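To keep things clear, I will list the structure first and then write my remarks on it.
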């Protein structure tokens, strides 16, 4: 590993600035608020933070409709605040990764403002247009949010394409000027000493060139992943020149493309955030069977072994809380949150923790439409209602799947508003803050937070848990996830019961091993072969010659 591959031995932490900590008492988190909590990040043991979008925005889609790529939204602070935050984090050896939305801007961005006024503008070809009389749309393509992907623009007699909201027009990556603009933006932030980027929505960049109708209107028109390569290649020189880590959000990517994009010599990314293990929005039952999780997670572990590096995550700002969709947030909230942490963090790869995950925060379970802020959730509500689905059923679905479940303020204390702010926050808090908060969990040796700190310490201190080979031990059931990490004869085994029923370990022998870490209090007379509901164990196995 070279010095520029620091991310291979790192643990990351995603911060959603709006909900991390409010320093100026307006109910909205901000950059100075993050800076005031640097000591907490240091105590957790993370090596880099990923800051979700903080740019000036039209505030339609939670900051991902950007109006200025070279500034900070006033609600979060100033560029001086950003620089101070980077300096403070670097002072304690925590690196900084920032978001960059590549697929679209806001309709309020100066590029689009000029483009929509005049076909002859230099910025008109920064976006994707088709002739339209305003009543007949160019084709059947739909946005991610379920409406037409085209919005008429009477001023030019055209319609513009938006894969997301109408307020988020897609950039035309066929235009070399767009590629140069984005490369310049990367360099601009590199000059402010960021250490890398998480590139948002990269699988959306290439559109069907013939603009014909497609069989699956919401997805087929942007699934030309091979065509994305030349666009990403335009960013490669600036990333390499500045030794920046490149993380791609790559939902729906296939393994062949993933390996191409991660190729150490000619690829475009160091890490990919893929979603094979996150299918909650595709099924009525949000939880994937454990057998499917074993298959999905192991597929990536095996395919990238010796070739590239995995990104490990179970939460982010676009997903519900893990304990509510993987775990058992009702009967075993603490234990299942801890078990999930051991399950994914000790695999081979770079773990990402999303703010509040380390506290075991569950879904917010909002009960009224007025509780929600997320555009996708609001659109979903209205589409389902129009389709005749009862409101109670829609609200029950949102309580399970909405992105707002993970966007609630981080509770720092058991005080009013969770110590996040002295003002009513921009969105409601997750229930249970009396016990699920940083201050309380820091004092509890059996808390989820304390367990996460231990996991991070083990991950970073034990070479086999960093770079050792992953080997699945398939128990052929829907309860246990068991795997081994091995390096130079040093063997470690992870055993997690991912169910709310007792499981047995008949398929493997644990007698010649030492139990190093568990989320249960250990009874000397307990049966090694019986794994309690949501019990997680880390064993050190006897060394063997390789």
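The values are calculated or read from the model by the stated rules, or taken from the named source; none is laboratory data. Quantities reported herein were computed from a predicted structural model and do not represent experimental measurements. Counting neighbours? That spans all protein chains shown, and the Cβs are built from the backbone with ideal geometry, glycine included.
Set side by side, the residues 252, 248 differ, and just one is closer than 30 Å to residue 408 by Cα, under 15 Å from the mean Cα position of the chain (by Cα) and surrounded by fewer than 19 Cβ atoms within 10 Å (Cβ to Cβ), which is 252. For the stretch 326-349, the set of residues classified as over 17 Å from residue 312 (Cβ atoms) and in contact (Cβ under 8 Å) with a residue 40 or more places away in the chain consists of 328, 331, 332, 334, 335, 336, listed by residue number. Within the stretch 517-538, restricting attention to residues that are in a strand (DSSP E or B) and at pLDDT below 95, the residue that is surrounded by the fewest Cβ atoms within 10 Å (Cβ to Cβ) is 530.
For the stretch 294-309, the tally of residues that are out of contact with any strand residue (DSSP E or B) (no Cβ under 7 Å at 6 or more places or on another chain) and farther than 18 Å from residue 252 by Cα stands at 4. Here residue 353 meets each of (1) touching a residue at least 12 places away in the same chain (Cβ under 8 Å); (2) within 27 Å of residue 477 (Cα to Cα) with one exception, condition (2). The one condition from (1) surrounded by 21 or more Cβ atoms within 10 Å (Cβ to Cβ); (2) outside any strand (DSSP E or B) that residue 218 does not meet is (1). Of all residues in the stretch 326-358, those being at pLDDT below 95, surrounded by fewer than 24 Cβ atoms within 10 Å (Cβ to Cβ) and under 26 Å from residue 272 (Cα atoms) number 0.
For first residues located in the stretch 249-269 and outside the structural domain of residue 308 (by TED's automatic domain parsing), partners that are in a strand (DSSP E or B) and buried (at least 22 other Cβ atoms within 10 Å of the Cβ) and lie 6+ apart or on another chain with Cβ distances below 9 Å do not occur. Somewhere in the stretch 222-238, is a residue touching a strand residue (DSSP E or B) at 6+ places or on another chain (Cβ under 7 Å) and surrounded by 15 or more Cβ atoms within 10 Å (Cβ to Cβ)? Scanning the stretch 222-238, I find no residue that is touching a strand residue (DSSP E or B) at 6+ places or on another chain (Cβ under 7 Å) and surrounded by 15 or more Cβ atoms within 10 Å (Cβ to Cβ), so the answer is no. For the stretch 270-281, filtering for residues that are touching a residue at least 40 places away in the same chain (Cβ under 8 Å) and in contact with a strand residue (DSSP E or B) (Cβ under 8 Å, 6 or more places away or on another chain) leaves 3.
When the stretch 359-380 is limited to residues that are part of a helix (DSSP H, G or I) and at pLDDT below 95, the one that is nearest to residue 63 (Cα to Cα) turns out to be 375. Of the residues making up the stretch 436-445, those that are out of contact with any helix residue (DSSP H, G or I) (no Cβ under 8 Å at 6 or more places or on another chain) and in a loop (DSSP other than H, G, I, E, B) are 443, 445. Is there a residue being surrounded by fewer than 17 Cβ atoms within 10 Å (Cβ to Cβ) and assigned to a loop (DSSP other than H, G, I, E, B) anywhere in the stretch 460-474? Yes, that holds for at least one residue.
Residues of the stretch 92-112 that are over 21 Å from the mean Cα position of the chain (by Cα), buried (at least 21 other Cβ atoms within 10 Å of the Cβ) and in a loop (DSSP other than H, G, I, E, B): 106, 107, 109. Condition check: surrounded by 14 or more Cβ atoms within 10 Å (Cβ to Cβ), modelled with pLDDT of 95 or more and within 23 Å of residue 322 (Cβ to Cβ). Does residue 493 satisfy that? For residue 493, the condition - surrounded by 14 or more Cβ atoms within 10 Å (Cβ to Cβ), modelled with pLDDT of 95 or more and within 23 Å of residue 322 (Cβ to Cβ) - is met. Hey, among the residues in the stretch 17-47 that are assigned to a loop (DSSP other than H, G, I, E, B) and touching a strand residue (DSSP E or B) at 6+ places or on another chain (Cβ under 8 Å), which one's surrounded by the most Cβ atoms within 10 Å (Cβ to Cβ)? Looking at the filtered set, the residue picked out is 46. Set side by side, the residues 246, 233 differ, and just one is assigned by TED's automatic domain parsing to the domain that holds residue 184, touching a helix residue (DSSP H, G or I) at 6+ places or on another chain (Cβ under 8 Å) and within 17 Å of residue 101 (Cα to Cα), which is 246. From the list 85, 89, the lone residue that is assigned by TED's automatic domain parsing to the domain that holds residue 193, surrounded by 20 or more Cβ atoms within 10 Å (Cβ to Cβ), part of a helix (DSSP H, G or I) and touching a strand residue (DSSP E or B) at 6+ places or on another chain (Cβ under 6 Å) is 89.
Among the residues of the stretch 48-71, the ones that are surrounded by fewer than 20 Cβ atoms within 10 Å (Cβ to Cβ) and either without any contact (Cβ under 8 Å) to a residue 60 or more places away in the chain or not assigned by TED's automatic domain parsing to the domain that holds residue 15 (or both) come to 3 in all.
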